[in-house]
């Protein structure tokens with residue numbers, strides 16, 4: 001059964017939220033803190049090693065009550081049951097959305113089309129484990145009998161962003177292997193990677209569900225040609241493996257059938273790092289750590305599936321996001337991890353969130369008359385404080401921000417960690433309270449600034465505050481806690497899609513550009529008259545052809 005189609009703007013709660021918004025939109029959050037000494041406690045969720053404080057958001061208890069009513073009216077609980085039940089909720093592609101099955105324990109049962117898929121999932125996990133152990137231990141060697149030193153993941157989109165982000169985030173746990181990622185069809189990109197590699201000691205992991213993706217096949221062919229400059233066709237079987245469903249095409253490329261790891265159509269690309277797409281993760285940090293990543297995600301799955309909505313972390317975060325997007329008309333939200341290890345986290349979320357909910361047609365196929373999707377961006381703190389925080393603090397845009405931090409550092413340098421986390425805590429306080437005119441004047445007087453300069457400088461130094469933030473504080477960055485964090489945002493995406501009444505798991509929007517690129521490529525490669533384009537495109541294409 002597919003999800004019910006309910007236009008959220010037709011619900012009673014949406015109408016009440018509109019009225020409520022008019023009453024609270026100009027209230028400064030500091031007033032609510034002053035009126036309620038227990039606000040911070042009431043708006044904090046403590047779960048396992050996670051501490052979520054959402055009290056610095058422009059909401060009251062009434063706001064929450066109405067948002068939770070909106071979740072009920074849009075049948076969120078029923079949708080969650082279908083999500084975890086293997087129902088065909090990706091109706092436009094006639095597929096279940098069951099990436100959560102990939103992180104279930106062995107004794108669970110998940111039925112898709114009447115078949116329990118867990119035994120098959122564990123067969124693939126065993127294959128990942130055995131293969132990873134053989135490569136890491138050196139038992140499996142290259143064509144000159146040398147152990148592998150480097151891994152190259154060749155993929156794009158979900159076949160690249162998820163594994164690349166996790167490998168980067170778990171650098172502390174990595175083994176002796178060095179992992180590289182090739183994604184862009186830009187030939188300079190692939191050549192920059194391979195010039196550092198020794199073909200005798202490099203393993204290549206090609207990730208492509210259909211084995212037809214232009215970028216991945218182009219890069220794989222370039223790499224194979226480079227490899228064959230010093231090796232034979234037979235040696236491909238020792239150095240190339242693939243994650244794909246297209247067995248025949250992979251074999252035709254030269255990959256041994258035993259080196260092909262399967263994928264399933266009930267796992268979307270941007271949610272596939274938990275599958276064999278995560279092979280490069282397992283190779284980089286070891287299967288045990290990869291398994292802990294999955295275990296953490298499963299714990300968040302259980303929390304999301306079973307916890308009541310008022311203390312359900314993904315539900316609360318999703319409803320806050322909807323509140324800002326649809327009532328405050330915020331166009332974007334920032335994700336600021338105070339860990340350099342999460343340098344690629346916002347990049348990963350950009351695909352996960354914007355490819356999922358960047359839709360303008362509802363589940364009835366009708367054009368929506370309300371905002372969906374969010375522009376997501378971010379950069380680790382404290383770097384970001386020296387980059388775009390000026391705009392968040394004093395700009396004209398309201399930008400809700402998630403602050404993600406860890407209590408303990410991995411290397412145990414408390415002096416550095418205390419400095420990092422003092423910034424983490426201070427920024428949310430500054431965004432909440434700002435700095436009043438009176439505070440600015442007093443500060444300048446203490447600095448012996450002249451009265452004329454005080455009058456001139458004051459407007460530029462006032463911070464209005466009232467900028468919303470959510471704090472996600474985690475004890476320590478481990479494979480398990482990272483799994484929980486990623487799954488948290490996956491479920492936030494799901495909740496938003498349900499309430500916004502869109503199909504979150506197709507991505508037809510990426511196809512048109514690909515189709516046109518194929519036409520243009522044929523015009524570049526063949527001496528044909530260019531007539532099928534608008535004047536601008538035609539001129540650009542002719543200019544490019546003339547210079548090449």
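Structure notes:
- log₁₀ of I(q)/I(0) at q = 0.14, 0.16, 0.24 Å⁻¹ - the stretch 448-531, Debye sum with one point per alpha carbon: -0.82, -0.87, -1.15
- Residues 422, 481, 98, 332, ranked from the fewest to the most other C-beta atoms within 10 Å, line up as 422, 332, 481, 98.
- Protection-proxy order for peptides 371-378, 385-392, each taking the mean of Cβ atoms within 10 Å per residue, highest first: 371-378, 385-392
- In this structure, residue 126 and residue 435 have a Cβ-Cβ separation that, at R0 = 45 Å, corresponds to a calculated FRET efficiency of about 0.20.
- Once the mean of 1/r is taken over each pair of separate Cα atoms and inverted, the chain shows a Kirkwood hydrodynamic radius of 25.6 Å.
- With an a/c value of 1.5 or above and a/b larger than b/c for the gyration tensor axes a ≥ b ≥ c computed over the alpha-carbon atoms, the stretch 377-417 is described as prolate.
- Averaging the Cα positions of each part gives two centres, and for the stretch 350-394 and the stretch 302-337 these lie 13 Å apart.
- Entry note, the chain: the mean residue ellipticity at 222 nm calculated from DSSP H runs of n ≥ 4, each adding -39500 (n - 2.57), is -14000 deg cm²/dmol after division by the residues and rounding to the nearest 500.
- Projected label points at residue 426 and residue 532, each 7 Å from Cα along the beta carbon direction, are separated by 5.9 nanometres.
- Annotation for residue 230 and residue 15: the two label points, set 7 Å from Cα along the Cα-Cβ direction, are 7.3 nm apart.
- Counting every pair of alpha carbons in the stretch 99-291, the share spaced more than 29 Å apart comes to 16 percent.
- Neighbour-count ranking [beta-carbon atoms within 10 angstrom, fewest first] of 319, 431: 431, 319
- Stretchable slack from residue 106 to residue 519, in nm (0.36 nm times residue separation minus alpha-carbon distance): 144.0 nm
- Potential lengthening between residue 445 and residue 4 on full extension [0.36 nm per residue; Cα-Cα distance subtracted]: 152.6 nm
- Approximating the spin labels as points 7 Å out from Cα along Cα→Cβ, the residue 411-to-residue 28 distance works out to 4.2 nm.
- For the pair the stretch 285-300 and the stretch 173-224, the centres of their Cα atoms are 25 angstrom apart.
- Distance from the C-alpha centroid of the stretch 61-133 to that of the stretch 431-462: 54 Å, rounded to the whole angstrom.
Bear in mind that the values in this text are calculations on the coordinates, not laboratory data. Everything quoted here is computed from the prediction, not taken from an experiment. Heads up, the Cβs are rebuilt from the backbone with ideal geometry, glycines too, and the neighbour counts pull from every protein chain shown.
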